[in-house]
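The values are calculated or read from the model by the stated rules, or taken from the named source; none is laboratory data. Note that this is a predicted model, so its numbers are computed, not measured. All Cβ positions, glycine included, derive from the backbone under ideal geometry; neighbour counts span all protein chains shown. The accessibility values were calculated without ligands, DNA or RNA, using every heavy atom of the protein model including side chains. Shrake-Rupley method; radii C 1.70, N 1.55, O 1.52, S 1.80 Å.
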Amino acid sequence: MKRLIAQAAARFGRPPAPPTPQLHPDHAIAARAFDAAFYLEQNPDVAEAGAEPLEHFMLFGWREGRDPAPDFSIEAYCAAFPEVVAAGLNPFVHYLTNGRPKVVPPEHPLGFRYEVIEGLVPLDERIARATRGTMALGSQAELAAALGRSRDGLRRLHVTFSHDDFTHHMGGLQASLRREAQRLAELGRDHLHLHPAKPWPVVRTAAEPGELGVVWNGAPAGVFAPATVIAALGAACGGDGGGRSFAIHSLLGHEPDETANILAAAGLRAGVFWLHDFASLCAGFHLLRDDVEDCGAPPPGSAACQVCVYGPGRARHLAAHGRLFERLELTVAAPSQSTLDLWRRASDLPAARTVVLPHAILAARPEAAPAPAADRPFRIAYAGLPVAHKGWPIFRALAGRFAFDARYEFRHFGLRRDSALPVAFERVGGEAGGPTMAEALAAAEIDAVLVWPLCRETFSFVAYEAVAAGCAVITGPDSGNVAAFVTEQDRGAVLADEDALADAFASGAILELSRAKRRPIRYDLAYSAVTLDLPPAAKP
């Protein structure tokens, strides 16, 4: 916002007026569409200060780029009308008193990929951030006390590793771990989950500090030094592996020998390594060169790696995973065949065995999806967080280009909206008992969901949820599991590139995917319990 004000002042030679201490005369105008609850939710500092939200917005908020409602972006409006800023006018008031003009957020002149590249942070700087600061650590006695509250005396203990606390973070990997944990609880088995206490962008080396967060039977138990975990687990388990098991869901933030030593303390060596991503092939676990272009895991040391921000970290990841597979007997489990095929082609890690187990399958309902009204626009949605690697900028550009085309209606479903794009938004997934993504898409009678990730998805929950809701899926050829799912099961369209996507909307060819023409059926989604649902032949 400050940048926009400076640009407008330079262009028009008149900076905006300073805040006035009395109530703004346009208070009543802004009150017509101001969303106080939204404003306080987005600005907790205002809520904590006890300020009256509308008054704060009128005096200070708009100048600080704080949005007054979920369907209005201060930044986008100022970018579209810089003369409003230069004149010292409140953009929201101008919007309300000038016919509420529709604003299409401007694109970067060189495309969104250049924006991403401009914001890249070198790996060594990311690692330095992860190593800053210290944390208070629990004692061996405290961890032993937690382990003592066992469901079955640790006889059937299941140990898991990932990059974060799955009980407090959202995402596909975390959802998989929650289902695994739920099944363990139903079976009365103990579950020890270990994750880096601070976010780590790569695997750790032995020389780098790394406190471990411990989740014991679904509840956080504290932060401990790896040596403390090894000692407490060894004392509690006595080295007998018996009916115990383990699964490594991510090695990010972990050190391979330390991980193997923790498992050895529980008497474990044979277990499961999941391919939720491609961190075993590169520090860029999405296989996106500079976070913008699919690389397909070229040979290590290739010219392609030398020009990528993740190139310096690739050797670290290959060596770490090589050491892990050397110390342990690992079954490599993939959630899709396309994922396993790529991994086999690009990796020489010695898997004891490999197996494919989808995270979810479709189960047809007895009834068909209701037919929509024939005269309504084609409803196209984006489902999920508005982030670049999931394809949000592609949806944003599409919605901007066809914002005034009566044939189309754009929607966004997810946990967080992008207020710079004024399309209808529905919050999904944040509240217990709320609608699932599939239920929300079905209720809105969405015709198609754009699932166009820049990276190769190992398994796309969104694609399956979309089809379960009766939607078609529109994707590109490099989307991994998404393209394979759409092609093999005829679930929508795989288009050649972003130009072909825009052409399909311009020509109207995409309208062939409307519900009225496809007459889709609804599905239920049957989710797996991940490691616990692996076929017996694949289990160590």
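Rg(Cα) of the stretch 326-375 divided by 2.2 N^0.38 Å? Please list the in-between numbers first.
Values: Rg = 19.2 Å, N = 50, 2.2 N^0.38 = 9.7 Å.
Its radius of gyration relative to the 2.2 N^0.38 Å reference: 1.98.
What is the distance in Å between the Cα centroid of the stretch 88-163 and that of the stretch 393-427?
23 Å
What size of dipole, in debye to the nearest 20, comes out for the stretch 393-480 about its Cα centre when the only charges are +1 on Lys and Arg C-beta atoms and -1 on Asp and Glu C-beta atoms?
280 debye
Quick check for you: which residues of the stretch 270-308 have the amide N under 19 Å from the point 7 Å beyond the Cα of D499 toward its beta carbon?
Label zone hits: 293-294.
Using r as the Cβ-Cβ distance of M135 and D45, and R0 as 30 Å, what FRET efficiency do you calculate, to the nearest 0.05?
0.70
On alpha carbon coordinates alone, what is the Rg over Rh value for the stretch 241-318, Rh being the Kirkwood radius?
Across the stretch 241-318, the Cα-based Rg/Rh ratio is 1.09.
Would you calculate a helix-derived [θ] at 222 nm for the chain, using -39,500 (n - 2.57) for each DSSP H run of n ≥ 4 and dividing by the full residue count, to the nearest 500?
-10000 deg cm²/dmol
Skipping prolines and chain starts, which residues have an amide H placed within reach, meaning under 5 Å, of the one on A472, given they are 5 or more residues away or on another chain?
Excluding prolines and chain starts, which carry no amide H, the hits are A448, V449.
Residue by residue through the stretch 404-414, which ³J(HN,Hα) values in whole Hz follow from phi under the Karplus form 6.51 cos²θ - 1.76 cosθ + 1.60 (θ = phi - 60°), with glycine and proline marked x?
9, 8, 5, 6, 10, 9, 9, 9, 10, 10, x
Which shape class applies to the stretch 290-361: rounded if a/c is under 1.5, otherwise prolate when a/b exceeds b/c and oblate if not, where a ≥ b ≥ c are the square roots of the Cα gyration tensor eigenvalues?
Oblate shape, in that a/c is at least 1.5 and b/c is the bigger or equal ratio.
How big is the stretch 322-474 by the Kirkwood estimate over distinct Cα pairs, in Å?
After inverting the pairwise mean of 1/r, the radius is 17.7 Å.
Return one whole number: the accessible area per residue of the stretch 142-256 in Å², for a 1.4 Å probe.
35 Å²
Amide H neighbours of R365 under 5 Å, at least 5 residues apart or on other chains, H built in the peptide plane: list them.
R522, Y523, D524
Counting heavy atoms of the protein chains only and a 1.4 Å probe, report the per residue accessible area for the stretch 413-540 as a whole number of Å².
I get 39 Å² per residue for the stretch 413-540.
Which value, in Å², gives the accessible area per residue of the stretch 62-120 when a 1.4 Å probe is used on the protein heavy atoms? Each step should come with its number before you reach the end.
Numbers: 2720 Å² over 59 residues.
I get 46 Å² per residue for this part.
Evaluate the distance, in nm, between pseudo-label points positioned 7 Å from the Cα of Q306 and of A270 along their respective Cα→Cβ axes.
About 4.5 nm separates the two model spin labels.
Determine the distance separating the Cα centre of the stretch 318-339 from the Cα centre of the stretch 29-45; give it in Å without decimals.
That distance is 49 Å.
Using Cα pairs under 8 angstrom and six or more residues apart, how large is the relative contact order of the stretch 148-252, in percent?
Numbers: 161 pairs, mean separation 40.2, N = 105.
Relative contact order for the stretch 148-252 comes out at 38 percent.
Charges at C-beta only: +1 for Lys and Arg, -1 for Asp and Glu. How large is the resulting dipole of the chain about its Cα centre, in Debye rounded to 20? Mind dumping the intermediate values first?
Numbers: 52 positive and 61 negative charges, 111 e Å.
For the chain, the charge dipole is close to 540 debye.
When the accessible area of the stretch 254-347 is split by element with a 1.4 Å probe, what percent falls to carbon and sulfur?
Whole-percent figure for carbon plus sulfur exposure: 53.
Rounded to whole Hz and in sequence order, give me ³J(HN,Hα) for the stretch 195-207 from the Karplus expression 6.51 cos²θ - 1.76 cosθ + 1.60, θ = phi - 60°, writing x for Gly and Pro.
Listing the rounded values in order: 8, x, 5, 10, x, 10, x, 9, 6, 8, 9, 5, 7 Hz.
Quick one: go through the stretch 265-302 and flag any residue whose amide nitrogen is under 17 Å from the point 7 Å out along the Cα-to-Cβ line of K539.
Only 268-274 pass the distance filter.
For a quick protection proxy, order the peptides 347-357, 223-233 by their average other-Cβ count within 10 Å, most packed first. Don't skip to the end; give the middle numbers.
Details: 347-357: 15.5, 223-233: 20.2.
Answer by packing, highest mean first, reads 223-233, 347-357.
Please give the FRET efficiency for R178 paired with A373, using the beta carbon to beta carbon distance and R0 = 41 Å, rounded to the nearest 0.05.
Result of the calculation: an efficiency of 0.60.
Given a 1.4 angstrom probe, I'd like the percentage of the accessible area of the stretch 145-198 that is carbon and sulfur, rounded to a whole number.
Heavy-atom surface of the stretch 145-198 belonging to carbon and sulfur, 1.4 Å probe: 52 percent.
Which values of log₁₀ I(q)/I(0), to two decimal places, follow from the Debye formula for the chain at q = 0.05, 0.10 Å⁻¹ with a uniform point scatterer at every Cα?
-0.24, -0.94
In whole Hz, with x marking every Gly and Pro, tabulate ³J(HN,Hα) for the stretch 466-483 from phi via Karplus 6.51 cos²θ - 1.76 cosθ + 1.60, θ = phi - 60°.
4, 5, 4, 7, x, 8, 7, 10, 10, 8, x, x, 9, 9, x, 4, 5, 4
Obtain the nm distance between the two label points defined at R149 and A352 by a simple spin-label model: each point lies 7 Å from its Cα along the Cα-to-C-beta direction.
It is 3.2 nm.
At 7 Å along the Cα-to-beta-carbon direction for both I361 and A87, put a label point, then send me their distance in nm to one decimal.
6.3 nm
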